[in-house]
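The values are calculated or read from the model by the stated rules, or taken from the named source; none is laboratory data. No experiment lies behind these values; they were computed from the predicted model shown. Here Cβ is always computed from backbone atoms with ideal geometry, including for glycine, and neighbour counts include all displayed protein chains.
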Amino acid sequence: MSKTYDIVCLVSNDITYDRRMIRVCTAFADAGKKTLLVGRELPSSQPLDHFPFDVDRVKCRYHKGPLFYAELVRRFKSFLKQISFSNLVVTDLDTILVAKSYNDSDVRVYCDLHEYYEETPELIGKSIKKWVWSKVGQSSVSSIDVMYTVNESLAGIFSKKYNRKVSVIRNLPEQIEYTTRHISIPLKTVYLGVLNPGRGLEEIIQAVINIKEITLSIIGDGPLKKELEVLASNNPRITLVGTLKPDKLTRELTQHHLGWNVLDNNSQSYYYSLANKFFDYINHGLPVLTMDFPEYRKVIHQYNCGLILEDSKVNTLEKALRRITRDISVITQWQSNCQSVMNDHNWSLESKKLLSLF
């Protein structure tokens, strides 16, 4: 007899570090829903942790390009035939094609759009690929019963694009208690996230190299790792920490003073984003050095919990750091205001909105 679930969620990545989906599935499980999260097994995948919900992985022969996406959808479809479920959550356009299999079934299908997929930095200047992904979304949207995304800006874009209601479920962490930290030189800054192009990492490193009162820790892994190691070599103020599991992340973040959220404004996906790291920093009492993009601007202006950056150029980052080092007391005020942000924006509140959709 096949296993039966209330909710099955599909992601194309490795489950281990997908904090959004771990939060989402935990909320389902805590609400009494028998939940399964299915991800992808990568060559570097580690054994899965224990969660309050079931987890599984599909293994693909290919890991990029059209063959990968075609195989991924086929693997998911084959996997789902082995189980029974009432609700299916597909995430982003790389899994949305699975939804077409349930057009005429009793399964209710949800789509969690994490990002503006066709406008990611990887697709800049690649008009044919952007067109293909746009068509994937347009052709699959009729199979979706409920759509939601991570912020109001993207909800407005997707509502217009797909001519339907798109709800907002922000990627907020569970609120934690943190100890207010004494601010002193050197100021300890941190970057958290995937080491991808377009995230200002090269510029951040260069700015930190040029200002001796600043240190930098980089938490994460990705395509730019080797390049960043070369840039940071022989500089003891810059450390590449690697990827950390959630239970070790808090310990690392609370040792710092400021968090970096630098993004290339050539990408519409980045421009309308509300990155996981933004609230992760604030939740740990870390004011944010962030871009002047709509979603970040709203929070910084309302709560005064960080500094807006005009662009991601090295001299702009240096200018911001020099301004802060001249008067480090401003960090104490920002840090205090971080608590107010999380009182209003946390997963305990946001998860109630998620559950109401189901």
- prompt: Does at least one position in the range 226-239 carry a residue that is within 29 Å of SER336 (Cβ to Cβ) and out of contact with any helix residue (DSSP H, G or I) (no Cβ under 6 Å at 6 or more places or on another chain)?
  reply: yes
Sole exception among (1) within 18 Å of SER267 (Cα to Cα); (2) of a type outside the set (A, V, I, L, M); (3) in contact with a Phe, Trp or Tyr (Cβ under 6 Å, 6 or more places away or on another chain) for ASP311, by number: (3)
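Looking at the range 71-103, which of the residues that are more than 24 Å from the chain's Cα centre (by Cα) and of a type in the set (Gly, Ala, Ser) is nearest to ILE169 (Cα to Cα)? Walk me through it before giving the result.
As a first pass, look at the range 71-103 and keep what is more than 24 Å from the chain's Cα centre (by Cα): 71, 74-75, 77-86, 100-103.
Pick out the ones that are also of a type in the set (Gly, Ala, Ser) and you get 78, 84, 86, 101.
Working: SER78: 29, SER84: 26, SER86: 21, SER101: 25 Å.
Among those residues, the one meeting the criterion is SER86.
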- prompt: So which residues in the range 161-204 are touching a strand residue (DSSP E or B) at 6+ places or on another chain (Cβ under 6 Å) and under 22 Å from ASN276 (Cα atoms), if there are any at all?
  reply: VAL166, SER167, ILE169, LYS188, THR189, VAL190, TYR191, LEU192, ILE204
- prompt: Can you tell which of LEU309, LEU349, LEU354 is more than 30 Å from ALA27 (Cα to Cα), touching a residue at least 24 places away in the same chain (Cβ under 8 Å) and among the hydrophobic types (A, V, I, L, M, F, W, C)?
  reply: LEU309
Subset of the range 124-158 [without any contact (Cβ under 8 Å) to a residue 60 or more places away in the chain, within 20 Å of TYR270 (Cβ to Cβ) and not hydrophobic (A, V, I, L, M, F, W, C)]: GLY125, LYS126, SER127, LYS129, LYS130, SER134, GLY137, THR149, GLY156
task: Would you mind telling me which numbered condition in (1) within 21 Å of the chain's Cα centre (by Cα); (2) in the same structural domain as LEU231 (by TED's automatic domain parsing) ILE205 fails?
output: (1)
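Take the residues of the range 1-34 that are among the hydroxyl-bearing types (Ser, Thr, Tyr) and under 15 Å from VAL107 (Cβ atoms): which is surrounded by the most Cβ atoms within 10 Å (Cβ to Cβ)? Break it down into steps so the answer makes sense when it comes.
Within the range 1-34, the subset among the hydroxyl-bearing types (Ser, Thr, Tyr) is 2, 4-5, 12, 16-17, 26.
If we keep only those that are under 15 Å from VAL107 (Cβ atoms) as well, we get 2, 4-5.
Working: SER2: 9, THR4: 11, TYR5: 20.
Across the range 1-34, the extreme among qualifying residues is TYR5.
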Within the range 35-53, considering residues that are of a type in the set (Ser, Thr, Tyr) and closer than 20 Å to GLY242 by Cα, the one surrounded by the fewest Cβ atoms within 10 Å (Cβ to Cβ): SER44
task: Look through the range 99-123, keep the residues that are without any contact (Cβ under 8 Å) to a residue 24 or more places away in the chain, closer than 14 Å to ASN87 by Cα and not hydroxyl-bearing (Ser, Thr, Tyr), and return whichever of them is surrounded by the most Cβ atoms within 10 Å (Cβ to Cβ).
output: VAL107
task: May I ask you to list the residues in the range 196-210 that are of a type outside the set (Gly, Ala, Ser) and either at pLDDT 95 or above or part of a helix (DSSP H, G or I) (or both)?
output: LEU201, GLU202, GLU203, ILE204, ILE205, GLN206, VAL208, ILE209, ASN210
task: Please state which one of TYR281, TYR303, TYR296 is out of contact with any strand residue (DSSP E or B) (no Cβ under 8 Å at 6 or more places or on another chain) and not assigned by TED's automatic domain parsing to the domain that holds GLY156.
output: TYR303
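Given the condition closer than 30 Å to PHE158 by Cα and either at pLDDT below 95 or not in a loop (DSSP other than H, G, I, E, B) (or both), answer yes or no: does some residue in the range 229-251 qualify? Reasoning before the result, please.
Restricting attention to the range 229-251, the residues satisfying the condition of being closer than 30 Å to PHE158 by Cα are none.
Taking every residue of the range 229-251 in turn, none turns out to be closer than 30 Å to PHE158 by Cα and either at pLDDT below 95 or not in a loop (DSSP other than H, G, I, E, B) (or both).
Look at LEU240 and say whether it is without any contact (Cβ under 8 Å) to a residue 24 or more places away in the chain, within 22 Å of the chain's Cα centre (by Cα), surrounded by 15 or more Cβ atoms within 10 Å (Cβ to Cβ) and closer than 21 Å to LEU286 by Cβ.
yes
From the residues in the range 154-172 that are in contact with an Asp or Glu (Cβ under 6 Å, 6 or more places away or on another chain) and not charged (D, E, K, R), which one is nearest to ARG20 (Cα to Cα)? Before the answer, list the steps.
Here is the first cut: in the range 154-172, the residues in contact with an Asp or Glu (Cβ under 6 Å, 6 or more places away or on another chain) are 168, 170, 172.
In the following step, the residues that additionally are not charged (D, E, K, R) were identified as 168, 172.
Numbers: VAL168: 14, LEU172: 8 Å.
Step by step, filter the range 154-172, then rank; the result is LEU172.
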query: Which strands (runs of 3 or more DSSP E) does the range 1-75 wholly contain that include 2 or more residues that are among the charged types (D, E, K, R)?
result: 35-41, 54-59
statement: Note on the range 169-195: residues charged (D, E, K, R) and at pLDDT below 90 are GLU177, ARG181
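So, in the range 124-171, of the ones that are assigned to a loop (DSSP other than H, G, I, E, B) and of a type in the set (D, E, K, R), which residue ends up surrounded by the most Cβ atoms within 10 Å (Cβ to Cβ)? Steps first, please.
Of the range 124-171, the ones assigned to a loop (DSSP other than H, G, I, E, B) are 124-126, 144-145, 150-151, 163-166, 169-171.
From the residues that got through so far, the ones that are of a type in the set (D, E, K, R) too are 126, 145, 164-165, 170.
On the way: LYS126: 12, ASP145: 14, ARG164: 13, LYS165: 11, ARG170: 20.
Result: ARG170.
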